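The values are calculated or read from the model by the stated rules, or taken from the named source; none is laboratory data. Computed from a predicted structure; not experimentally measured. Glycine gets a Cβ as well: all are built from the backbone with ideal geometry, and neighbour counts include every protein chain shown.
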Amino acid sequence: MRLFRSLASRFTLASLLVLPAVLGLSGYMLDQAFQRSLTSAEKNRLGSQMYMLLGSIDISGGQPQISQELHDPGFSRPGSGLYAWIFTPEGMQWQSPSVLFPTPSDLKPERINAGKEHFQDLISSQGRVFSLSFDVEWENNEGNLPVRLIIWRDSSVWDAELRSYRQQLGQWLGSLGIFIIFAQLLIMRWGLQPLKRLKSDIDKLRESPDEQLPGNYPSEIIPVTQSLNQVLANQTQQSERYKNTLNDLAHSLKTPLAVISGFAQQDPELEKKLADPLRRMDEIVSHQLSRASLGAKVNINRSINLRQLCKRLINALGKVYDRDEKDFSLLIPADCLIQGEEADFMELMGNFLDNACKYGRRQVFVDAEEMDGQWVIRVEDDGPGVAGNQRQSILTRGQRADTANKGQGIGLAVAIDIVSAYSGSVEVGRSPILGGASFILTLPVQR
Amino acid sequence: MRLLVVEDEPHIREQICTQLKSAGYVSDACGDGREAIFLGTEHPYDLAIIDLGLPEVDGLEVVKQLRAEGQKYPILILTARGNWQDKVEGLEAGADDYVVKPFQNEELLARINALLRRAAGHASPSLDYGPLVINTAAKTVSRDGVKLELTSFEYNTLEYLALNAGKLVSKTELTEHLYDQDFDRDSNVIEVFIGRLRKKIDPNSDLKPIDTVRGQGYRFALETQS
């Protein structure tokens, strides 16, 4: 049922089913109506021939006779398809010269009711024929003579007219069908255009998250865009509130820690005792705050341009580490768009790039590529690298390979938390180009 | 060196000022953003330490305003949350470095030192003038490899002149950057210090590191070897 997820394929399928039915039914009805009108014309034609036949009858010897040449030559030409008989209660009195076959026995009337006219469409020994019979009473000197006149005409003319009509009807309906299909395709394109525009507007929204959807949509779509805008506004507000709360929390937890740490540093003895618990408290607060901010993800995933994000981080790190000391190679393609929250990726890439600056000597290399439905992001440096036996342990949450940078140990743990939240993974190895540590992040591409 | 300290928590503010004083820096301190913008634009500081989480006008705004007013001195931001988005925003707003709270005093002083040195255009903490070497990290001076005994005022005077090498530094500027505000600016203490400094670093007057520009001030005349 994958096919029916597309509105266009639904419409196409529906019209493929409905169009032949409508055209077929119309064709059938038109055909029936035409047959009726052909039959009725046939009846009229037989009627006028009947009057002409009547006019040609003479009664001689008490029996009806055709005295003069008949008006329609069809009656005289053998096998012409136009036949006539005259019956009295005694039997057949006359038959047209065109009749070359034995007179069907059932033509002989059992009773003649003057004034009765009877039209029939019947199958005879000559094939399909239209038959008109007319009963009259002939007044003569010997009293009233009941007479039945019967005219037959075969269906060859009727059939030919119907055939030609059907041919024309078929052509017309075919052209109509093709026209309707094209018209429907155009209507569908036109009708679905606002939805296409909505999609492209939503795509644009991923790149500039603070914007709203424009209001110039058809009235059926406006309720959707309004609700979407409301949701977007709520989410922006909520994430702003969340950010502020986390900042307040950080401030109100870290400031007293800084005060205690400051006082402790004034007394070397006290500092020795308090340094470790203070560091641990600081790390726990930092780590938990980072994890809490991971929950601030909004529902509509937005795209981040990873190259631009890393460029901002590199500019910032260039200030901190003195631009001349570090040589960054940013090889992420300009169109690298990753679905996610900017704050998460800023934290993730910030921690890896900062580590590369901290432990590397001069060169830092960062690259990203899409491979088999996954983003593979590499951050490499030219430092001493991570020893083989430590590679697994530094990736275990909260553990550090060394204690040289006190209070900075949670960076990697936070980064790993973020990668896990995005269902990705981190590997540590040796950089083939720079010789130092190589951190390889793998994240599934979300579409 | 005169530093501006902007921190709303009084204990931390006091602790930072104490540390700065013991390291030989002079500092002005305040606890809110508005005052920080006023002080930061009115006085020619050598560096500002600004906490990001200030009441009313936040630290990021203070940094932006100071840069918009054309202040070029280095700015160090203090951040409680320490997440990269805050750090990047702070650095993009015009700060030069950050320290995450809680911090070690040594770390803060090392960062301040590095920023001051970089602002003066020196990458290395050691300023090498041949026979005379000033180590701005250890705050020591040596002449022909022999460490000299200088008071912290003498050292600060020498370091300030050296970091502003080639520029004319007036006595008023020296007093502003080296001493507390209540210092009597008419006194000839500066002249006495300079005289004593010259004797200590250049006893035979063969190097002549500090020129006197009559009636205007002083100029550090040496150029670094590296």
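How many of the residues making up the stretch A:308-331 are among the β-branched types (Val, Ile, Thr) and facing chain B (nearest Cβ under 9 Å)? Please lay out each step first, then the result.
If we filter the stretch A:308-331 for residues that are among the β-branched types (Val, Ile, Thr), which is where we start, we get A:314, A:320.
Of the ones still in play, those that are also facing chain B (nearest Cβ under 9 Å) are A:320.
Adding up the residues that qualify gives 1.
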Residues in the stretch B:66-97 that are within 7 Å of chain A (Cβ to nearest Cβ) and either touching a Gly at 6+ places or on another chain (Cβ under 6 Å) or outside any helix (DSSP H, G or I) (or both): how many?
-> 7
Within the stretch A:196-207, restricting attention to residues that are surrounded by 15 or more Cβ atoms within 10 Å (Cβ to Cβ) and of a type outside the set (D, E, K, R), which residue is modelled with the highest pLDDT?
-> A:Leu198
Would you tally the residues in the stretch A:138-191 being surrounded by 14 or more Cβ atoms within 10 Å (Cβ to Cβ) and outside any helix (DSSP H, G or I)?
-> 12
Filter the stretch A:42-84 for residues that are in a strand (DSSP E or B) and surrounded by fewer than 18 Cβ atoms within 10 Å (Cβ to Cβ) and give the result.
-> A:Asp58, A:Ile59, A:Ser60, A:Gln63, A:Gln65
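Yes/no per residue for (1) surrounded by 21 or more Cβ atoms within 10 Å (Cβ to Cβ); (2) modelled with pLDDT under 95:
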site	(1), (2)
B:Val5	yes, no
B:Ile12	yes, yes
B:Gly53	yes, yes
B:Asp58	no, yes
B:Glu69	no, yes
B:Lys72	no, yes
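The rows are residues; the columns are (1) at the interface with chain B (Cβ under 9 Å from one of its Cβ atoms); (2) assigned to a helix (DSSP H, G or I); (3) touching a residue at least 40 places away in the same chain (Cβ under 8 Å).
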residue	(1), (2), (3)
A:Ser252	yes, yes, no
A:Thr255	yes, yes, no
A:Glu269	no, yes, no
A:Asp276	no, yes, no
A:Arg280	no, yes, no
A:His287	no, yes, yes
A:Pro333	no, no, no
When B:Tyr45 is run through (1) within 14 Å of chain A (Cβ to nearest Cβ); (2) modelled with pLDDT of 90 or more, the failure sits at (1)
Set A:Phe101, A:Phe130, A:Phe87, A:Phe134: member being surrounded by fewer than 13 Cβ atoms within 10 Å (Cβ to Cβ) and aromatic (Phe, Trp, Tyr) = A:Phe101
Quick one: count up the residues across the stretch A:335-358 that are assigned to a loop (DSSP other than H, G, I, E, B) and on the phi < 0 side of the Ramachandran plot.
-> 3
Identify the residue in the stretch A:237-255 that is in contact with a helix residue (DSSP H, G or I) (Cβ under 6 Å, 6 or more places away or on another chain) and modelled with pLDDT under 85 and, among all such residues, is farthest from A:Glu283 (Cα to Cα).
-> A:Leu246
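So which residues in the stretch A:231-250 are within 14 Å of chain B (Cβ to nearest Cβ) and not hydroxyl-bearing (Ser, Thr, Tyr), if there are any at all? Steps first, answer last, please.
Of the residues in the stretch A:231-250, the ones within 14 Å of chain B (Cβ to nearest Cβ) are A:239-240, A:242-250.
Selection gives A:Glu240, A:Lys243, A:Asn244, A:Leu246, A:Asn247, A:Asp248, A:Leu249, A:Ala250.
Which of the residues that make up the stretch B:185-209 are touching a helix residue (DSSP H, G or I) at 6+ places or on another chain (Cβ under 6 Å) and crowded, with 18+ Cβ neighbours inside 10 Å? Break it down stepwise before answering.
Quick first cut of the stretch B:185-209, residues touching a helix residue (DSSP H, G or I) at 6+ places or on another chain (Cβ under 6 Å) only: B:185, B:190, B:193, B:197.
Of everything in the stretch B:185-209, those that are touching a helix residue (DSSP H, G or I) at 6+ places or on another chain (Cβ under 6 Å) and crowded, with 18+ Cβ neighbours inside 10 Å turn out to be B:Ile190, B:Phe193, B:Leu197.
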Restricting the search to the stretch B:14-51, which residues are in contact with a strand residue (DSSP E or B) (Cβ under 7 Å, 6 or more places away or on another chain), surrounded by fewer than 20 Cβ atoms within 10 Å (Cβ to Cβ), touching a residue at least 24 places away in the same chain (Cβ under 8 Å) and in a helix (DSSP H, G or I)?
-> B:Leu39
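Select, from B:Gly94, B:Gly130, B:Gly121, the only residue that is within 30 Å of A:Ser252 (Cα to Cα) and not basic (Lys, Arg).
On the way: B:Gly130 fails: within 30 Å of A:Ser252 (Cα to Cα); B:Gly121 fails: within 30 Å of A:Ser252 (Cα to Cα).
Answer to the selection: B:Gly94.
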Identify, by number, the condition in (1) surrounded by 15 or more Cβ atoms within 10 Å (Cβ to Cβ); (2) in a loop (DSSP other than H, G, I, E, B) that B:Ser142 doesn't meet.
-> (2)
